[in-house]
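The values are calculated or read from the model by the stated rules, or taken from the named source; none is laboratory data. This is a predicted model, so every value here is computed, not measured. We place every Cβ from the backbone using ideal geometry, glycine too, and count neighbours over all the protein chains shown.
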Amino acid sequence: MKHFITALFAVLLTLPALAQNTFSIRGRVLDKVTGETLPGATVQVSGNGQNTGAGADTDGGYKIGSLPAGTYTVQASFIGYKPNTQTVKISTQSVVVTFSLSSDNASLEEVQVVASQAQERETPVAFSAVNEVKLRETLAGRDLPMILNETPGVYATQGSGGGAGDSRITIRGFDQRNVATLVNGVPVNDMENGQVFWSNWDLGDVTKSLQVQRGLSASKIAVPAVGGTINILTKGFDDKRSALARVETGSNNYRKYSLMLSSGNLPGDWAVTAYGSRRTSDGWVSHAFDDAWTYFGNISKRLGSHNLSLTGMGSPQRHGQRFTYNFLGTYSNAKARELGATPVAGGDRGFDYNTDWGTLNRYTLDANKNRIYQGPEDINTAANYYHKPQISLNDFWQVNDRFFLSSVVYASFGNGGGVGGLNGNTGTSLTESNATGQKDLQKIYDDNFNSPTKRSTQILVNSVNSHRWYGFVVGGDYLLKPTLTLSAGLDGRTYTGYHYREVRDLLGGDYVTNPGNRNVDPNTRLYVGDKLGYNYDGRTDWLGGYGQLEYKTPLLSAVVSGTMSQIRYKLIDYFGARVVTVNGTDVSVPYGAPTMVNGTAYTNADGRTVETGWSNFNGYSVKAGANYNLTEHDNIFFNTGYNSKVPFFSFVYTRSGGQFKDVRNEGITSFEVGYGITYPSLKATLNAYYTLWSNKSSSYAGTDPTGNSNSSVFYTFRNVNARHVGIELSVAQEISRSLQLNAAISLGDWRWAGDGRYTVIDANNNVVPGYEDNPIYLDGVHVGDAAQNQFQLGLRYEPFKRFYIRPSYLLFTKYYAAFNPNGLVSESSRTDSYRVPTSQNLDLHLGYDLPAIAHDRLRLGIKGSVLNVLDQYFITDIPIGASTSVTDPRGLKGYFNRGRTFTIGLSATL
């Protein structure tokens, strides 16, 4: 493989020297930051007795021919951008001149600064950018992370269940809880567990650019980034008047209608952008339906030296899910045999099989006790419903020629949760299913309805996870001298999460008991809308600061920076037994008989709600890097850093209000070196990285190791180290005016380093005897849950004007299954996890833009995509606990990719 990479890189180095036997000037006109093409841009050539020009086509390309040898001045210009002029000399061959224009819209440049966008040949980090053109041509109705699979080091899937918005992404083996995601510079990772829920937004149509910074990022705020940072810049800062209408359809009854309007620069320096869409689908996975609205709006105003921008967005949605992972033979016994898994009697239900739904025909009884049916209905026992509006107000202030200050205040109001089935007596999930393999809701309904007491034993619940989130980011850049800039800022956030379960559907019964609330009678009857199981609030306060010194010349860019953050957590448990304080000691007083303390009786009514004290953590990071431009085409860079990472809220507290013991910061050490080549028609980057994550903490729910089947316990792991090393190569080559190539190779070796410790804690937060501080044997075991090797090859070919075709081939290998370390509790049990077979996928995208009509203002376009062209199936996700053995595939459970699907869309732009 090393020889292959060396040979490939050597070939690419020779490509720019291929001669052209014509006398012309050709090239493309691009946006400098996003790389987006600028159709309609004007290119003017003058000198040597010539004065001619041309307009850029729909792909931003231009060509001016029939030029005699000589020296020429070439200028590219476009409305809303600063003109760019270059001098070229033609001797014996034609020349290629590519222009990268900077926006003349100050607010756009400023939001790019706030979002810490990496710059080519300047910022010493490995990064990849996806521009608006590629998003529009290849997203094909998918979640945003799916388009990033063409980025080296990235592994994205449709998520465990394959539902809309349930995608997950890992970068260099670190999951999205440890990948910072920013939208217009505002952090969006969940404050309690770091997750990113892509169903909260449908940002594909309003994204201006998408940049992935791998490893140590250029972000100036204290974000929990280990694998990297995803920067999303949305529309709303454009100064071009436009309107876009689009309608899309596709497999599984996919429908989407969208409309976007941009006012351009209005009198008084106002600008307005509005977007709305409606999306529905049956889903590729059975009953994983999708029903979503999306809205986005931006109002911008230039006020003296200030640029103000108000942005609001949200996506109220519902979608079906698939949470139950099945034995592989359940989907396909042929595939199970191929992978060495045990066939399943009654299997072969199809790769889209979903057990998490059922059919129910409700009924009542008339006076003669005859059933009056209401008609059959399909009910999801796993679904998500959520609405998370986010509002932000930015102020970009150019104080003077040397000082720039940016401020943003934002608020997020999340409301919703997930639907699930629950056994009202034991708290376990629904287990009954009928011969069709679905949840047997009819039998559950009959049992509940015919119960002598009318008490439901199995019901549907909502697991509510709402929140209120307020924050600000203030940062300033001060030019100390032309080559030296000092940056500093503050990042403050306060977050309250509201978590509880509520009765959603009694499924034929009149009530349910076992509320889980220790402050009420356990036989209290609960009805639809009543809370049960757990009910707590999580509070998170965050204050961080950063400082950065950046040195920049045409040859050398260097940066050193540091962040500090103070984070504190608190949990308020409304279902935990109330407490009274006696002689400075808190005493629980649950419902029922009085609790005697020093001869005094205390009742539940005397107590107060359980509220923990604040758990305080301090985190910090330091990083440094430099980029040196060896020539006008070659550059090298390196970066190094250390991050003392504060654990997430979910690693500090249990749902029952208990606090995990011995919770400490995690330490991440990182080093990276890279080499880049930049020509007008070739861009390539080769980089190597080393990351050591020390004292990595995690916790998993599991069974009681003492054999008590009625007890649920938590396994907490600590002092575990993970070492991630690898190399990455990315190439983008314009072979000809009509043919472009992009390729990515990523080779990783991610292993656990050294051994760790684990403790088992019961539901009352007590350590299980014999499991206080036990060893786990992980040294040398591969890190699971993502493919470590990746190979990607893509083309964009225009066989004739305004028509494109984009095939993309992707191969993932060296993917080890995720596993619970509690199986490796002795030296003899040390073993590697199951290695998932290689997966490969071919997608095809194509489109055609019709010639402009209506005074060259109206443009119509049609585009289509076929995903998984070869209709091949492979394992994409093996959740923790999905196998009966770490290494034995016979009992393996998991999820497969979706089969061949297509989308087609028609757009009109004015």
query: Of these, Glu672, Glu666, which one is modelled with pLDDT of 85 or more and touching a Lys or Arg at 6+ places or on another chain (Cβ under 6 Å)?
result: Glu666
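This table checks each residue for (1) closer than 30 Å to Asn184 by Cβ; (2) modelled with pLDDT of 95 or more.
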position: Tyr363; (1), (2): no, yes
position: Asp395; (1), (2): yes, no
position: Gln398; (1), (2): yes, no
position: Val408; (1), (2): yes, no
position: Ala435; (1), (2): no, no
position: Asp447; (1), (2): no, no
message: Consider the range 326-379. How many of its residues are in contact with a Lys or Arg (Cβ under 6 Å, 6 or more places away or on another chain), surrounded by 12 or more Cβ atoms within 10 Å (Cβ to Cβ) and closer than 30 Å to Lys454 by Cβ?
response: 3
task: Return the pairs, sorted by first residue and then second, in which the second residue is among the aromatic types (Phe, Trp, Tyr) and surrounded by 12 or more Cβ atoms within 10 Å (Cβ to Cβ), the first residue lies in the range 580-595 and is farther than 18 Å from Val520 by Cβ, the beta carbons are less than 9 Å apart, and the residues are 6+ apart or on different chains.
output: Val582/Tyr602; Val587/Tyr602
task: Evaluate the range 821-831: report whether one residue or more is modelled with pLDDT under 75, crowded, with 19+ Cβ neighbours inside 10 Å and in a strand (DSSP E or B).
output: no
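Every residue, every condition in (1) at pLDDT below 85; (2) over 12 Å from the mean Cα position of the chain (by Cα), yes or no:
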| position | (1), (2) |
| --- | --- |
| Thr92 | yes, yes |
| Val96 | yes, yes |
| Gln117 | yes, yes |
| Leu135 | no, yes |
| Arg142 | no, yes |
| Val154 | no, no |
| Gly173 | no, yes |
| Val179 | no, no |
message: With the structure loaded, tell me whether Asp779 is among the acidic types (Asp, Glu), part of a strand (DSSP E or B) and surrounded by fewer than 21 Cβ atoms within 10 Å (Cβ to Cβ) or whether it fails that test.
response: no
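Results for (1) closer than 30 Å to Val512 by Cβ; (2) not basic (Lys, Arg), shown as yes or no for each residue.
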| site | (1), (2) |
| --- | --- |
| Tyr325 | yes, yes |
| Gly329 | no, yes |
| Tyr363 | yes, yes |
| Arg371 | yes, no |
| Gly375 | yes, yes |
| Asn400 | no, yes |
| Phe403 | no, yes |
| Val409 | no, yes |
field: Failed condition for Ser217, given (1) of a type in the set (Ser, Thr, Tyr); (2) under 29 Å from Val474 (Cβ atoms); (3) surrounded by fewer than 24 Cβ atoms within 10 Å (Cβ to Cβ)
entry: (3)
task: Out of the residues in the range 608-633 that are in contact with a Leu (Cβ under 6 Å, 6 or more places away or on another chain) and among the hydroxyl-bearing types (Ser, Thr, Tyr), state the one that is farthest from Val579 (Cα to Cα).
output: Tyr628
- request: Check off (1) modelled with pLDDT of 95 or more; (2) touching a His at 6+ places or on another chain (Cβ under 8 Å) for Tyr386 and give me the number that stays unchecked.
  value: (2)
message: Of all residues being crowded, with 18+ Cβ neighbours inside 10 Å and of a type in the set (A, V, I, L, M) in the range 559-586, which is farthest from Val663 (Cα to Cα)? Just the residue, please.
response: Val559
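For every residue, the table says whether it meets (1) aromatic (Phe, Trp, Tyr); (2) modelled with pLDDT of 90 or more; (3) surrounded by fewer than 20 Cβ atoms within 10 Å (Cβ to Cβ); (4) assigned to a strand (DSSP E or B).
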| residue | (1), (2), (3), (4) |
| --- | --- |
| Asp749 | no, yes, yes, yes |
| Pro769 | no, no, yes, no |
| Gly794 | no, yes, no, yes |
| Ile805 | no, yes, yes, yes |
statement: Only unsatisfied item for Ala601, checking (1) of a type outside the set (Asp, Glu); (2) loosely packed, with under 15 Cβ neighbours inside 10 Å; (3) closer than 25 Å to Phe717 by Cα, is (3)
- request: Being among the polar types (S, T, N, Q) and outside any strand (DSSP E or B) is the filter; apply it to the range 257-272 and report the residue that is nearest to Leu303 (Cα to Cα).
  value: Asn265
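With a cut-off of at least 3 residues that are more than 30 Å from Tyr895 (Cα to Cα), name the strands (runs of 3 or more DSSP E) lying wholly within the range 286-348.
290-303, 306-314
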Given (1) within 30 Å of Thr716 (Cα to Cα); (2) touching a helix residue (DSSP H, G or I) at 6+ places or on another chain (Cβ under 8 Å); (3) in contact (Cβ under 8 Å) with a residue 60 or more places away in the chain, index of the condition Tyr834 fails: (3)
task: Kindly check whether there is at least one residue in the range 853-873 that is modelled with pLDDT under 95, surrounded by 19 or more Cβ atoms within 10 Å (Cβ to Cβ), part of a loop (DSSP other than H, G, I, E, B) and hydroxyl-bearing (Ser, Thr, Tyr).
output: no
- request: Pairs only if they're at least six apart or on different chains, beta carbon under 7 angstrom, first in the range 531-556 and farther than 19 Å from Gly417 by Cα and buried (at least 17 other Cβ atoms within 10 Å of the Cβ), second of a type in the set (S, T, N, Q) and at pLDDT 95 or above; list them, first residue then second.
  value: Asp541/Thr494
query: Between residues in the range 788-807 that are under 30 Å from Arg751 (Cβ atoms) and residues that are acidic (Asp, Glu) and in a strand (DSSP E or B), which pairs lie under 7 Å by C-beta distance while being six or more apart or on different chains?
result: Gln788/Asp749
query: Among the residues of the range 875-892, is any closer than 28 Å to Arg830 by Cβ, among the basic types (Lys, Arg) and either at pLDDT 90 or above or touching a strand residue (DSSP E or B) at 6+ places or on another chain (Cβ under 6 Å) (or both)?
result: no
- request: Residue by residue through the range 630-653, note down the ones that are out of contact with any strand residue (DSSP E or B) (no Cβ under 6 Å at 6 or more places or on another chain) and within 24 Å of Gly227 (Cβ to Cβ).
  value: Phe648, Ser650
